[in-house]
Structure formats: C-alpha cells, structure tokens
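Engineer: Here's a structure for you.
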Amino acid sequence: MDYVKPSTLIIDVAKSGKVRSELSAMQILMRGFLAGVFLSYATILALTAAIQTDIDFFGALIFPAGFVLVTLLGLELVTGSFALMPIAILGKQTTKKKMIHNFSWSFIGNLIGGLFFALLFTFYIANTDTFDSNLLIEKLIAVSEGKTLAYKNAGSTGVAVLLIKAFLCNWMVTMGVIMSFTSTSTLGKIVAMWLPILIFFALGFEHAVVNMFIIPAGMLLGADITMTDWWLWNQIPVTIGNFISGFFFTGFLLHYMLKK
C-alpha cells in the first residue's frame, strides 16, 4: 500500500517545510521562478480549453497539470508555503525568520516567473492573427478586468468578496499540497493533489500566483487596468486572503488535529 496515514503525513510535511526554509535565497528564487512559469502555462492551457469547448469546466479539469509539475519537482509556490511553513514551525522544525525568508523569495520568484511568461506569451499572441488567438486575447482582457475593475467598482463590498474568494481558494490549494504527501507513489500523489486544485479553479476563486500572470497579461494586451488597480484591487488583498486560509485553516488546524 502506498497510502500514508495522516499521523505520519504531518511529520513528513514538517520535515519538508524545514528543508525548504533552509534553502538559499537564490535557490528559492529559481524554484519560485519556475513555479510561476509552469502555473502560467497551466492557466493559459485552461483558458484555451474553455474557449475551444465553450465549457469552462474543461479548463478547470486540466489546470492541475501545472500544479503537478510544480509539486513533483519540489518547486516553490508561495501559496503552498503558507501551509508548509507554519506546520514546520509548530513542529519545531524551523523558525519564524526562516519562514519569512521563504515567503519573501518565493513571492518574488513567482512574480518574476508570471511576468516573464506574460511578456513572451502576449508578444506571441498579439502577433498571431487567427480566430483562436483573437478569442484568447479577448478572454485574457475580460478575465483580468473582472479580477480587478469589477471589485473596484463594488468598493468595500468588492474588497470583502475578494478576500473571501482568496481565502476559499488557498484552503483548497494548500490541501492540494498536503494531499501530495498522502501517497508514496507518483500516480497516487498526482491523483490526490489533482482533486482540490480542480475544485478551486472550477469555482473561480482568487489565487495570488495565477493572478501574477493573468492580470499583467491582460494589461499588456490592452486591458484598462492600472498598476494601482492590479495591486490594490487584487494582488495585495488576494495574497492576504491566501495567507490566512493557508496558515490558519490548513497549517494550524492540521497540525493540532494530527500531531501525536
């Protein structure tokens, strides 16, 4: 049997957090960069599938492929670290200083990766005159404006909705990270982590790293979004919401529920 029991799982998660917390800034930055790129690949794959089938759920069904790449290669996704690091701290495997070190460099690496892919992809798509490419440009603009201007127009209610969607999102994303520890086989890990990631994407929640690609991509393609719109009406509140659910509702609760 390749199933790992919860009581053993939580120890493995804490050890993983310890290893990640001791990586150098350059190691975390490189791993974060690749994670941002691979998640951007998955995002554009999901949007393409939704356009071609006219069914958004098909996009959600294949989006977890990017998360699988990130997790199996041991890359750094800041939203996943929001759960791994607190479990490592509560298990006395690392320190708060090292946790902040990991969060900071993971965030920067993810951002650089998302921006890098956005620059390459938008240049390509803007200079490709096909029916699918034009639909994809329209989709990227519409989604990026929906992730910023829609909340801005709603004012304080928009901020509340944004925080809740970010909170609900990373509860599932961090569960995807945790579920990857429930099996010792590659296939088992893929199936286990696929399910919660499918749930978050299908429900249209807000993920900080996905937005590091999709919003700047929309801006580069002509979306009516300013830098203030991006950061004030999405990136900052989404990161906060992602942190709260990952840290407290996955990391904190699972540690105290499963610790021996």
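The values are calculated or read from the model by the stated rules, or taken from the named source; none is laboratory data. Keep in mind the model is a prediction, meaning the values are calculated, not measured. Cβ: placed from backbone, ideal geometry, glycine included. Neighbour counts: every protein chain shown. Ligands, DNA and RNA are excluded from the accessible area calculation, which covers all protein heavy atoms including side chains. Shrake-Rupley method; radii C 1.70, N 1.55, O 1.52, S 1.80 Å.
Engineer: In square angstrom, what is the accessible area per residue of the chain with a 1.4 angstrom probe?
Structural biologist: Details: 11820 Å² over 260 residues.
For the chain, the solvent-accessible area averages 45 Å² per residue.
Engineer: Ignoring ligands, DNA and RNA, please state the percent of accessible area on segment 116-156 from carbon and sulfur, probe 1.4 Å.
Structural biologist: 64 percent
Engineer: For segment 166-238 and segment 41-63, what is the separation of their Cα centres, given in Å?
Structural biologist: Using only Cα atoms to place each centre, the spacing works out to 14 Å.
Engineer: Provide the three semi-axes, in whole Å and in decreasing order, of the ellipsoid equivalent to the chain as defined by the square roots of 5 times the Cα gyration tensor eigenvalues.
Structural biologist: Equivalent ellipsoid of the chain: 31, 19, 17 Å, largest first.
Engineer: Given R₀ = 35 Å, FRET efficiency for Phe248-Ala25 by Cβ-Cβ distance, to 0.05? It would help to have the intermediate numbers written out before the result.
Structural biologist: Details: r = 26 Å, r/R0 = 0.76.
FRET efficiency, Phe248 to Ala25: 0.85.
Engineer: In a shell of Cβ-Cβ distance under 14 Å around Leu135, excluding Leu135 itself, what net charge do Lys and Arg (+1) and Asp and Glu (-1) give?
Structural biologist: -4
Engineer: Which value in nm describes the separation of the simple spin-label points at Thr130 and Ser104, placed 7 Å from the Cα toward the beta carbon?
Structural biologist: That separation, rounded to one decimal, is 4.4 nm.
Engineer: Based on the Cβ-Cβ distance from Ala65 to Leu203, what FRET efficiency comes out when R0 is 25 Å, to the nearest 0.05?
Structural biologist: Working from the Cβ atoms, E equals 0.85.
Engineer: By per-residue mean of other Cβ atoms within 10 Å, what is the highest-first order of 166-176, 239-249, 188-198?
Structural biologist: 166-176, 239-249, 188-198
Engineer: Counting each pair of different Cα atoms once, what's the Kirkwood radius of segment 114-174 in Å, rounded to one decimal? Provide the component values of the computation, followed by the final result.
Structural biologist: Details: mean 1/r = 0.0731 Å⁻¹.
Mean inverse Cα-Cα distance, inverted, gives 13.7 Å.
Engineer: Test of understanding: extend the Cα→C-beta vector of Lys96 to 7 Å, then name every residue of segment 63-85 with backbone N under 20 Å from that spot.
Structural biologist: 81-85
Engineer: Considering only the other residues whose Cβ falls under 14 Å of the Cβ of Gly74, what net charge follows from Lys and Arg at +1 and Asp and Glu at -1?
Structural biologist: So the surrounding residues net to +2.
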